[in-house]
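Some notes on the structure that comes next.
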Amino acid sequence: MDISKIEAGKFELVPIEYDMPSLLNDTVTQNILRIGERPITFRLDIDENLPTTLYGDELRIKQIFNNLLSNAFKYTREGTVELAVRCSREDGMAWMTCQVRDTGIGIKAEDLSKLFSNYAQVDLRSNRGIGGTGLGLAIAKRVVEMMGGSIAVESTYGEGSVFTLRFPQKLVSAAVIGQEIVQNLKNFSYSDHKRHRDAKVARIRLPYARVLVVDDVPTNLDVAKGMMRPYGMQIDCVTSGQQAIDAIRAEKVRYNAVFMDHMMPGMDGIEAVKIIREEIGGEYAQNIPIIALTANAIAGNEAMFLGKGFQAFISKPIELARLDAVIRQWVRDKELEKSLSEQQVSVGGQIVLESRCGQDRRVTPTRRSGTDRRARNESIPGLSMNKGIERFGGDVESYFGVLRSYAVNSRPLLATARGVNWENLAGYAIIVHGLKGSSRSIGADRVGDQAEALEKAAKARDIDFVLANNAAFIDAVDTLINNLNELLRQRSSEHPKPKQDRPDQEALSRLLTACENYDMDGVDAVMAEIEGSEYEADGGLTAWLRENVEQMNLAEIREKLLFMLK
């Protein structure tokens with residue numbers, strides 16, 4: 001697809017501001033898995049004077065790095081693979097020099113000249129066990145040349161190869177990454193450093209923005225809501241691609257952006273985007289920014305999503321720095337902010353923007369964050385609560401809301417997973433894929449790793465592995481849920497609620513309206529109000545509402561409330 005666009009003159013670079021250490025870390029973590037059980041050492045030689053922030057096509061640079069590194073690991077049976085990155089500065093530009101060196105099988109001298117040609121796989125006899133289209137290097141060469149750079153190769157057959165990449169990027173600031181970050185990258189521990197840094201990301205306020213989040217796993221919706229809440233946006237949620245299509249087609253709300261899960265049952269995110277872009281028609285459907293969310297962050301995925309109608313790509317578990325960069329690029333509207341600046345009003349001593357063009361004011365209350373030390377000291381085996389809280393920028397209440405959602409929504413998935421067999425392996429893969437993302441989002445990485453192994457086995461139709469490991473996985477998730485429920489029960493018992501007869505009718509009416517509009521912020525606000533009291537004669541309504549809100553059964557809630565409020 002890329003080579004076809006290049007040949008047709010329709011291939012475009014999409015430059016953005018990006019974080020150089022994050023680009024290197026993402027590249028390293030995606031490619032280190034390629035080592036497998038082979039005796040290969042992966043080395044990094046990173047210049048501590050590299051710029052921290054650059055302006056260029058981050059996704060295409062990752063694509064090139066991933067291609068060169070995947071080839072190096074693919075053709076190296078033992079020895080060393082090294083990535084070296086240097087930089088020189090000239091007239092506001094950073095000239096990046098990157099080398100990928102390996103001790104692999106090398107390339108014959110007569111094959112070097114055709115290495116970057118379209119569809120020209122070299123030495124097919126020796127490499128017959130190694131798959132691929134042979135297009136990666138051809139695309140890399142064309143993309144680098146579009147950037148104004150170059151790519152070259154030196155190789156000794158039987159000893160290894162060195163690919164040298166040189167290209168310019170625009171300098172954003174004089175800041176350099178420094179020795180500490182270089183050491184974290186070399187030790188493959190930059191993710192921990194980045195997690196601590198993410199907890200300090202300063203979110204801009206966007207009260208004029210409204211976004212739609214699409215995911216079939218309710219806990220993942222709660223994760224997204226919790227991480228986006230500090231921006232002050234209105235966040236609506238749906239649980240299927242078809243619901244997203246219906247919402248865009250109806251145009252009852254014109255969203256600033258859609259965050260679309262990739263892997264959903266029935267209709268996946270790619271199919272939903274294709275229908276939105278090609279079948280609905282109109283400027284809104286064709287141009288609304290749609291950002292892919294996926295727990296399958298593998299090399300090449302970014303370029304694949306961009307070629308399928310998405311504007312950007314965020315891997316799960318969601319990282320605040322990446323989410324913030326996407327929101328700033330695709331959701332924020334600086335021109336609108338200028339026009340709204342005259343509509344600023346003072347509410348409770350704070351200057352806020354009037355939303356909805358001044359018709360009504362929505363002020364998102366400040367949430368308590370980072371001060372609940374007791375929460376950070378509570379311990380559940382297999383769950384890193386500190387890591388989970390930091391993922392939400394230190395917002396303890398949002399994190400515990402997601403823990404509650406996980407405990408409610410994961411158990412029904414386990415019931416389905418117990419019945420796995422040869423015929424339903426594809427559906428089982430989707431279930432464990434969802435549990436992989438939601439588990440890692442709350443800091444339960446061990447369960448997430450188990451889910452990932454089972455997902456890979458299910459996709460490979462390895463029923464023996466699935467059957468041998470499924471029971472242990474279900475037990476692990478079940479134990480985690482039990483521990484979470486006990487923790488949540490203890491926290492709830494510390495704050496007794498006032499008693500009432502039944503929920504207020506006016507509150508139920510507002511809940512109905514919020515459900516009809518897929519307005520999850522509104523649903524959460526009304527449910528918090530309803531659950532602020534304990535009821536003596538509600539017939540289990542409050543518990544039923546909570547269960548169905550957690551499972552995103554908005555249609556069922558709407559039907560019940562319509563009957564009650566007649």
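Taking other Cβ atoms within 10 Å as a rough exposure proxy, Val238, Val223, Val214 sort from fewest to most as Val238, Val214, Val223.
Under the 0.36 nm per residue contour assumption, what length would be gained going from the current alpha-carbon distance of Glu145 and Ile32 to full extension? Display every interim value, and only then the final one.
Details: separation 113, 0.36 × 113 = 40.68 nm, distance 2.74 nm.
37.9 nm is the gain from fully extending Glu145 to Ile32.
Think of the stretch 470-566 as having a plus end and a minus end, set by charges on the Cβ of Lys, Arg, Asp and Glu; of Pro498, Leu565, Leu512, Leu565 sits farthest toward the positive end of this dipole.
The Cα atoms of the stretch 210-333 give a gyration tensor whose axes a ≥ b ≥ c have a/c under 1.5, which makes the shape rounded.
Annotation: the residues Met564, Met520, sorted from fewest to most other C-beta atoms within 10 Å of their own C-beta, follow the order Met564, Met520. Of the trypsin sites (Lys or Arg not before Pro) found in the stretch 403-480, those in coil by DSSP whose Cβ has at most 15 other Cβ atoms within 10 Å are Arg418, Arg461.
Exposure proxy shown here: for Ile327, Ile380, the number of other Cβ atoms within 10 Å sets the order, fewest to most, as Ile380, Ile327.
For Asp475 and Val162, what does the FRET efficiency come to when R0 = 41 Å and r is the distance between their Cβ atoms, rounded to the nearest 0.05?
On the way: r = 49 Å, r/R0 = 1.20.
Here the calculated transfer efficiency is 0.25.
If R0 is 45 Å, the Cβ-Cβ spacing of Ser117 and Ala543 corresponds to a FRET efficiency of close to 0.10.
Determine by what factor the alpha-carbon radius of gyration of the stretch 418-534 differs from 2.2 N^0.38 Å, reporting the quotient.
Numbers: Rg = 19.8 Å, N = 117, 2.2 N^0.38 = 13.4 Å.
In units of the globular-protein estimate, the stretch 418-534 measures up at 1.47.
Bear in mind these aren't lab numbers, they're just calculated from the coordinates by the rules spelled out. It should be emphasised that the depicted structure is a prediction, and the values quoted were computed from it without experimental measurement. All Cβ positions, glycine included, derive from the backbone under ideal geometry; neighbour counts span all protein chains shown.
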